[in-house]
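Trainee: Structure in structure tokens, see below.
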Amino acid sequence: MSTDPLRVTVHVRGRVQGVGFRWWTRSRALELGLAGWARNTSDGRVEVVAEGPRASLERLVALLAVHPAPEGRPGEVTSASEPRWSEAAGETGFRER
């Protein structure tokens, strides 16, 4: 099993813009030791791109989509896309775009 960092991309749909969802995502990603970013898209979703160890990425993906929402997660997620896995690109830090 490879321990090389991976990259995952997930699109989250629901009431996720203008409610602190990107900030919450950034906080969880940093707690998990991940790098990347979260940004609003023009169609109302939030796109999350994160890099790091697979187990930490899988935990973040689960936190983004879990129903009911974990305590403190702002907004309301109605769905999350299937994670798209790829090679890490060397992101550093985690930003809200």
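Trainee: I want to confirm something. Restricting to the range 80-95 and keeping residues that are in contact with a strand residue (DSSP E or B) (Cβ under 6 Å, 6 or more places away or on another chain) and in a strand (DSSP E or B), which single residue is farthest from PHE21 (Cα to Cα)?
Mentor: SER86
Trainee: What tally of residues in the range 1-48 results from selecting those that are assigned to a loop (DSSP other than H, G, I, E, B) and closer than 19 Å to GLY75 by Cβ? So that I can check it myself, show each step before the final result.
Mentor: Our first condition is that a residue be assigned to a loop (DSSP other than H, G, I, E, B); within the range 1-48, this holds for 1-5, 16-20, 32-34, 41-45.
Remaining after also requiring closer than 19 Å to GLY75 by Cβ: 16-20, 41-45.
Here the count works out to 10.
Trainee: Sticking with this one: Count, please, the residues in the range 38-60 that happen to be surrounded by 12 or more Cβ atoms within 10 Å (Cβ to Cβ) and either over 20 Å from ARG15 (Cα atoms) or among the aliphatic types (A, V, I, L, M) (or both).
Mentor: So the count comes out to 14.
Trainee: Shifting gears a bit: Give me the pairs, please: first residue somewhere in the range 74-92 and closer than 11 Å to LEU6 by Cα, second residue anywhere and surrounded by 11 or more Cβ atoms within 10 Å (Cβ to Cβ) and at pLDDT below 95, beta-carbon distance under 6 Å, and either six or more positions apart or on two chains.
Mentor: ALA88/PRO5
Trainee: Still on this model: I'd like to check something: does the range 61-77 contain any residue that is part of a strand (DSSP E or B), modelled with pLDDT under 95 and surrounded by fewer than 16 Cβ atoms within 10 Å (Cβ to Cβ)?
Mentor: yes
The values are calculated or read from the model by the stated rules, or taken from the named source; none is laboratory data. Please read these numbers as outputs of a predicted model, since none were measured by experiment. Neighbour counts are summed over all protein chains in view; Cβ atoms, including those assigned to glycine, are modelled from backbone coordinates with ideal geometry.
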